[in-house]
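FYI, it's all coordinate maths here, none of it is from the lab. Note that the structure is a prediction, hence the values are computed from the model and not measured. Cβ sites come from the backbone with ideal geometry, for glycine too, and all protein chains shown count toward neighbours.
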Amino acid sequence: MSEAPTPAVRPGDEFGTAKLVYILYFIGFVIGITAIAGVVVAYLKRGEATAAAASHLTYLIRTFWIGILFAVIGGITTFILIGVLILLATLVWLLIRLIKGFMLAMDGKPVPDPETWLW
C-alpha cells in the first residue's frame, strides 16, 4: 500500500513563500542583496504555488523589476536634480506596494491585480 503524496503546500502555509519574499525585500532596503535573493525565490516558487500565492509572487517579481527600472532612471538623471525626486518617488512607491502586499498575504488574500504598475 502506498502512502498518500505529501502536498507541496501545507494547509495554512499557502502564503509562506510570499511572506518570506516580502521580508527579504524589506531587509533589502538595508542589505540590498536580500532583494535579489527574494526575486530568485519568487521565480523558483511561482510555478508550484497556488493561484492566490502565485498572484503575490508575480506582484513581487514585477515590483523588483519596475523598482530597478525607476532606480536606474533616477540614478541617471540625478545630475539634473530630477533624479532625486524620481528616487524618492520610487522609494515611496516600493514601500506602499510592499506594505499593501504583505498585509494582503497576512490576511490570506490574493493580490487583485498583480500586473499593475501602481499599487
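Kindly give the semi-axes, whole Å and largest first, of the ellipsoid equivalent to region 16-106, taking each as the square root of 5 times a Cα gyration tensor eigenvalue. Numbers along the way, then the final one.
Details: eigenvalues 134, 29, 24 Å².
Its equivalent ellipsoid spans semi-axes of 26, 12, 11 Å.
Which order do 45, 109 fall in if you start with the one that has the fewest other Cβ atoms within 10 Å?
By the 10 Å Cβ count, ascending: 109, 45.
Working from Cα positions, state the angle (0 to 90°, nearest 10) between the long axis of helix 16-28 and the longest principal axis of the chain.
Long axis of 16-28 versus the principal axis of the chain: about 20 degrees.
Please find the FRET efficiency linking residue 115 to residue 50, where r is the Cβ-Cβ separation and R0 is fixed at 25 Å, and quote it to the nearest 0.05.
Numbers: r = 18 Å, r/R0 = 0.71.
FRET efficiency, residue 115 to residue 50: 0.90.
Which one, 85, 24, 94, has the greatest fluctuation when you compute a Gaussian network model over the chain with C-alpha springs under 10 angstrom?
Of 85, 24, 94, the Gaussian network model singles out 85 as fluctuating most.
Pick out which of 43, 59, 22 has the largest mean-square fluctuation in a Gaussian network model of the chain, springs linking Cα atoms closer than 10 Å.
Maximum among the listed residues: 43.
Would you please give the FRET efficiency between residue 68 and residue 103, computed as 1/(1 + (r/R0)^6) with r the Cβ-Cβ distance and R0 = 30 Å, to the nearest 0.05? Intermediate results must be reported in sequence, preceding the final value.
Details: r = 23 Å, r/R0 = 0.78.
Given R0 = 30 Å and the Cβ-Cβ separation, E is 0.80.
For the pair residue 78/residue 95, report the inter-label distance in nm, with labels modelled 7 Å from Cα in the Cβ direction.
Reported label-point gap for residue 78 and residue 95 is 1.9 nm.
Evaluate the relative contact order of the chain (contact order divided by residue number), counting alpha-carbon pairs under 8 angstrom at least 6 apart; express in whole percent. Mind showing how you got there, number by number?
Details: 119 pairs, mean separation 31.7, N = 119.
It comes to 27 percent, rounded to a whole number.
Report the paramagnetic label zone for residue 27: residues of region 86-119 whose backbone N is under 13 Å from a point 7 Å from Cα along the Cα-to-Cβ axis.
No residue passes the distance filter.
Angle check, please: helix 33-46 long axis (alpha carbons) against the longest principal axis of the chain (alpha carbons), in degrees 0 to 90, nearest 10.
Taking Cα atoms only, the helix is inclined about 40 degrees.
From the helices alone, meaning DSSP H stretches of at least four residues, give me the mean residue ellipticity at 222 nm for the chain, per-run term -39500 (n - 2.57), in deg cm²/dmol to the nearest 500.
Mean residue ellipticity, 222 nm, calculated: -22500 deg cm²/dmol.
On C-alpha positions alone, give me the angle between the axis of helix 51-76 and the longest principal axis of the chain, in degrees, nearest 10.
20 degrees
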